[in-house]
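Remarks on the structure that follows.
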Amino acid sequence: MDWSYLGRELPRYIEAGLVTLKIGFWGILAALITGLVCCFVLYYKIFILQKIVKVYVELSRNTPLLIQVFFLYFGLPQVGIKLSGTACAIIGLGFLGGSYMAEAFRGGLEAVGNSQIESGLSIGLDKRQMMQYVILPQAISISMPQVSANFIFLLKETSILSAIAIPELLNVTQSLIGLYYKTNESLLLLTVSYLIIILPLSIVLGYIERRLRHAEFGN
Amino acid sequence: MNNEEIVLEIKDLYKGFGERNVLNGLDFTLHKGEVVVIIGPSGCGKSTLLRCINGLEKIDGGDVILEGSSIYDKNIKMRQVRQKVGIVFQSYDLFSHMTVMENILLGPLKVQKRDKQEVSELARELLKKVGLSDRENDYPRQLSGGQKQRIAIVRSLCMNPDIVLFDEVTAALDPEMVREVLDVILDLAKQGLTMIIVTHEMHFARAVSDRILFMDHGKIVEEGEPEDLFGNPKTERAKQFLNKFDY
């Protein structure tokens, strides 16, 4: 193990880690927004949009991210649409994650019992109040474990983006291995980098989850 | 009693689920301050009737007239009807993500836009009456069934309803807890609250009611004062039904 190599290449890993974080952040945000929109379309059964969303969910969940990103990066330029690598990466993550988020939210919304809704009706809540005070708070706490699993999943999926030359952690690692043949050292740095990014996120999400579920499920 | 003002009129009410008719042309009137208990075999339409009065079920025919106007009138908002007609369900259905106090305050503050101070005071007073003053910051999961049901009653009362409907409110409770809930309802009856109570607790029905309706097959088969109906039922069907409760 070449310890000096670790120290020397550390700044590159910090830089690559920041790229991973940045793309992960925007990708997850895109997934959240896509998921919310899709979930409401499904929940309120908005006629034509509902069908489109269903097709999207199947397409997104049943194809690999690598292929989705290849399509964006190599396919779209063929029809004259050129996007930057970063844009492809964020759209790709949003496309993949959107369906997972939509399903998580839908699961939460549908798990709110009819009796809770009738209870809300019986004190005169209107539709918006019902959503705001009864359905959403319960749906969020129910779907939170799935949503936070999706966060972690999408953050890890950023490694796929090395295939379209995004200088994120895996991409940088592969370049360094090619340059210096320090495979073990490079992979060690890579693994540790992912842990440093993802572990705290897991802990924070776990904490939020417990807080949100406290009312209904206790500790 | 009959000199009192009429608050609710059910006229020729029909309601079916699919092929099956649950309510078959049902009529009755409820006067202010009156406590009416509905008894009858399971599936005879008691709960459905309450749900129709509260607009939780769509009716197929007839009318429900609350304080002079039909609740199905296009100019009447169901939300307003529900503020006048409270309902307490068998399975209590408190909002599970809210504390006891939040459960009670939601309707009065958000729907009725009342003053928080005033409603909180009312809520505390009612909580004290039902013996749960110390539980206002608890979540429903921390309460027993009987306690939840008493909170559900307080939640309904805090809306200042004109009528409260009780839909088999003790059916899901342990025998020991039935009493604490029934005592609360009996107390409300003494205070003159207008109520329609669906129950299988015959002794309670007798004690609390001004009038008993016996329902079967979606109709009122017999009605009368509790002593008459329990002591000397006129119809064969009511006799049969009441005999089942004697051991």
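No value in this document is a laboratory result; all are computed from the given coordinates. Just so it is clear, the model here is predicted, and its values are computed rather than measured. Note that each Cβ is placed from the backbone with ideal geometry, even for glycine, and that neighbours are counted across all protein chains shown.
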Legend entry - D (Stokes-Einstein, µm²/s), Kirkwood Cα radius, the stretch B:109-182, 1.306 mPa s at 10 °C: 120 µm²/s
Inset, instruction - Using Cα pairs closer than 8 Å and at least 6 residues apart in sequence, work out the relative contact order for the stretch A:19-217, in percent. - result: 27 percent
Inset, instruction - Among B:THR99, B:THR194, B:THR235, determine the one that fluctuates most according to a GNM of chain B built with springs between C-alpha atoms less than 10 Å apart. - result: B:THR235
Inset, instruction - Taking the convex hull of the Cα atoms, report for the stretch B:8-114 its projected area averaged over all directions, in nm². - result: 8.5 nm²
Legend entry - Top of B:ASN24, B:ASN232, B:ASN54 by mean-square fluctuation, Gaussian network on chain B, Cα under 10 Å: B:ASN232
Inset, instruction - Quickly estimate the mean residue ellipticity at 222 nm for chain A, helices only: each DSSP H run with n ≥ 4 gives -39500 (n - 2.57), and the total goes over all residues, rounded to 500. - result: -26500 deg cm²/dmol
Legend entry - Choice from A:VAL79, A:VAL55, A:VAL37 with maximal GNM fluctuation in chain A (Cα, 10 Å cutoff): A:VAL79
Legend entry - Highest to lowest packing among A:44-50, B:200-206, B:148-154, B:173-179, scored as the average C-beta count within 10 Å: B:148-154, B:200-206, B:173-179, A:44-50
Legend entry - Mean separation of Cα contacts under 8 Å, 6 or more apart, over the residue count of the stretch B:6-243: relative contact order %: 27 percent
Legend entry - Local electrostatic count, B:PHE95, Cβ distance below 14 Å [Lys/Arg +1, Asp/Glu -1]: -1
Legend entry - Helix-only mean residue ellipticity at 222 nm for chain B, each DSSP H run of n ≥ 4 adding -39500 (n - 2.57), per residue, nearest 500: -10000 deg cm²/dmol
Legend entry - Scaled radius of gyration (Cα, divided by 2.2 N^0.38 Å) that the stretch A:54-118 gives: 1.51
Legend entry - Cut-off 11 Å between beta-carbons: net charge of the residues surrounding B:PRO41, Lys and Arg +1, Asp and Glu -1: +2
Inset, instruction - With 5 Å bins from zero, work out the P(r) of the stretch B:93-224 over every alpha carbon pair and list the percent per bin. - result: 2, 10, 20, 21, 20, 13, 8, 5, 2, 0
Inset, instruction - Kindly point out which whole DSSP H helices in chain A project their C-alpha atoms 20 angstrom or further along the helix axis while averaging a Kyte-Doolittle hydropathy of 0.5 or above. - result: A:3-43, A:47-61, A:85-111, A:136-157, A:183-217
Legend entry - Coarse-grained scattering of the protein assembly as shown at q = 0.08 Å⁻¹, given as base-10 log I(q)/I(0) from a Debye sum over alpha-carbon atoms: -0.64
Legend entry - the protein assembly as shown - share of DSSP beta bridges that are antiparallel (%, nearest 5): 55 percent
Inset, instruction - Take every DSSP beta bridge whose two residues both sit in the stretch B:6-243, then give the antiparallel share in percent to the nearest 5. - result: 55 percent
Legend entry - Shielding by partners, peptide B:132-142 (average Cβ within 10 angstrom, other chains): 1
Legend entry - the stretch A:1-125 pair-distance distribution - Cα-Cα, 10 Å bins, rounded %: 12, 28, 27, 17, 10, 5, 1, 0
Legend entry - the stretch A:147-212 - Rg (one decimal) and Dmax (whole number), Cα, Å: 14.4, 48
Inset, instruction - Tell me, rounded to the nearest percent, the portion of alpha carbon pairs in the stretch B:6-243 spaced more than 30 Å apart. - result: 25 percent
Inset, instruction - Report the FRET efficiency, 1/(1 + (r/R0)^6), for B:GLN191 and A:GLN146, where r is their Cβ-Cβ distance and R0 is 56 Å, rounded to 0.05. - result: 0.70
Legend entry - Kyte-Doolittle mean at least -1.0, axial Cα span of 20 Å or more - DSSP H helices of chain B: B:175-190
Inset, instruction - Express in % the proportion of alpha carbon pairs of chain A at distances exceeding 30 Å. - result: 36 percent
